[in-house]
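Enquirer: Just passing along the structure, written as structure tokens.
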């Protein structure tokens, strides 16, 4: 059974400059994300933009010998849809390049729900609140319909700058599953990379657990080292403000 992960990334970032190119142990952040996916049995497709600034990401994808796709700069949904069509993918999971310790088990479980008949699988509540364990799973049918629906409603479709996907979806048109998360999840945890404090905290976790430790092992470390969680959790307030449409 093949699992596809669309690694959604751009080299330009507003809050922490060029965060996906920062060093993360022996690798850059984007290389770490690619390798973490491969080691976990997920086939990564780098899903980036046509902007010249993202040439560096394509160069890294070629170096790591993975599939890459370049598409719409500001509309991720359009980019995912075009990537799906070009690569003949039936189901995929979205992996944000700033969620460096995504949970392989959660992602595979989420994709399996789609393969079992759900159109879309939403991330767990804890993941949405900064836990960064998994993203969204989509079927080809669902991403195609979402793309068409939004295009009809929004004249500035290609300039749709939002990550708040659920606000754009008419739930009546889809069979949706809310992922419950794994039993080892931790509340009030921030494991996404947006600010310098996040980088320092994530580097601390990496130095203790390694780049490719399971999410269960990482969460267990954090349960016993709550001082590490405090290093960046206060940044969640700023991060939430930036999620507004």
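Here is a yes/no grid of residues against (1) at pLDDT below 95; (2) under 28 Å from residue 12 (Cβ atoms); (3) surrounded by fewer than 18 Cβ atoms within 10 Å (Cβ to Cβ):
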site: 91; (1), (2), (3): no, no, no
site: 95; (1), (2), (3): no, yes, no
site: 123; (1), (2), (3): no, yes, no
site: 129; (1), (2), (3): yes, yes, yes
site: 139; (1), (2), (3): no, no, no
site: 157; (1), (2), (3): yes, yes, yes
site: 170; (1), (2), (3): yes, no, yes
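Enquirer: Applying the selection to the range 97-114, what residues are modelled with pLDDT under 95 and touching a strand residue (DSSP E or B) at 6+ places or on another chain (Cβ under 8 Å)?
Expert: Taking the range 97-114 as the starting set, the residues that turn out to be modelled with pLDDT under 95 are 97-98.
Result: 97, single match.
Enquirer: Of the conditions (1) at pLDDT 95 or above; (2) in a helix (DSSP H, G or I), residue 47 fails just one. Which one is it?
Expert: It fails just one condition, (2).
Enquirer: Condition test on residue 212, is it within 26 Å of residue 108 (Cβ to Cβ), more than 20 Å from the chain's Cα centre (by Cα) and modelled with pLDDT of 95 or more? Quick ask: steps written out before the conclusion?
Expert: Numbers: within 26 Å of residue 108 (Cβ to Cβ): yes; more than 20 Å from the chain's Cα centre (by Cα): no; modelled with pLDDT of 95 or more: yes.
For residue 212, the condition - within 26 Å of residue 108 (Cβ to Cβ), more than 20 Å from the chain's Cα centre (by Cα) and modelled with pLDDT of 95 or more - is not met.
Enquirer: Exactly one of (1) more than 30 Å from residue 231 (Cα to Cα); (2) buried (at least 19 other Cβ atoms within 10 Å of the Cβ) is unmet by residue 82. Its number?
Expert: (2)
Enquirer: Right, next: Please verify whether residue 56 is assigned to a helix (DSSP H, G or I), touching a residue at least 60 places away in the same chain (Cβ under 8 Å) and over 22 Å from residue 142 (Cα atoms), treating the condition exactly as stated.
Expert: No: the conditions fail for residue 56.
Enquirer: Taking the criterion of being closer than 21 Å to residue 68 by Cα, modelled with pLDDT of 95 or more, part of a helix (DSSP H, G or I) and more than 16 Å from the chain's Cα centre (by Cα), would at least one residue in the range 192-200 satisfy it? Let's see the steps before the verdict.
Expert: Filtering the range 192-200 for residues closer than 21 Å to residue 68 by Cα gives none.
No: zero hits.
Enquirer: Moving on. Given the conditions (1) out of contact with any strand residue (DSSP E or B) (no Cβ under 7 Å at 6 or more places or on another chain); (2) over 24 Å from residue 211 (Cβ atoms); (3) buried (at least 18 other Cβ atoms within 10 Å of the Cβ), which single one is not true for residue 40?
Expert: With (1) out of contact with any strand residue (DSSP E or B) (no Cβ under 7 Å at 6 or more places or on another chain); (2) over 24 Å from residue 211 (Cβ atoms); (3) buried (at least 18 other Cβ atoms within 10 Å of the Cβ) applied to residue 40, the lone miss is (2).
Enquirer: Another question, then. Output yes when any residue across the range 180-201 is closer than 30 Å to residue 115 by Cα and without any contact (Cβ under 8 Å) to a residue 40 or more places away in the chain, and no when none is.
Expert: Checked the range 180-201: at least one residue is closer than 30 Å to residue 115 by Cα and without any contact (Cβ under 8 Å) to a residue 40 or more places away in the chain.
Enquirer: Return yes or no: is residue 187 part of a loop (DSSP other than H, G, I, E, B) and at pLDDT 80 or above? Walk me through it before giving the result.
Expert: Numbers: part of a loop (DSSP other than H, G, I, E, B): yes; at pLDDT 80 or above: yes.
Judged against the criteria, residue 187 is a match.
Enquirer: Sort out which residues of the range 123-137 are in a loop (DSSP other than H, G, I, E, B) and over 17 Å from residue 97 (Cβ atoms), and write them in order of number.
Expert: If the condition is that a residue be in a loop (DSSP other than H, G, I, E, B) and over 17 Å from residue 97 (Cβ atoms), then 124 is the only one that fits.
Enquirer: Still on this structure, please answer the following. Does any residue of the range 103-118 turn out to be over 18 Å from the mean Cα position of the chain (by Cα) and closer than 24 Å to residue 38 by Cα?
Expert: Among the residues of the range 103-118, at least one is over 18 Å from the mean Cα position of the chain (by Cα) and closer than 24 Å to residue 38 by Cα, which makes the answer yes.
Enquirer: Out of the residues in the range 73-89 that are touching a strand residue (DSSP E or B) at 6+ places or on another chain (Cβ under 7 Å) and part of a loop (DSSP other than H, G, I, E, B), which is nearest to residue 137 (Cα to Cα)?
Expert: 89
One line per residue, one yes/no per condition, for (1) in a helix (DSSP H, G or I); (2) under 17 Å from the mean Cα position of the chain (by Cα); (3) more than 19 Å from residue 93 (Cβ to Cβ):
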site	(1), (2), (3)
2	no, no, no
13	no, yes, yes
17	no, no, yes
34	yes, yes, no
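Enquirer: Also: Any residue that is free of Cβ contacts under 8 Å to residues at least 60 places away in the same chain, farther than 20 Å from residue 133 by Cα and surrounded by fewer than 23 Cβ atoms within 10 Å (Cβ to Cβ) - is there at least one of those in the range 25-36?
Expert: No, the range 25-36 contains no residue that is free of Cβ contacts under 8 Å to residues at least 60 places away in the same chain, farther than 20 Å from residue 133 by Cα and surrounded by fewer than 23 Cβ atoms within 10 Å (Cβ to Cβ).
The values are calculated or read from the model by the stated rules, or taken from the named source; none is laboratory data. Since we're looking at a predicted model, the values are computed, not measured. Counting neighbours? That spans all protein chains shown, and the Cβs are built from the backbone with ideal geometry, glycine included.
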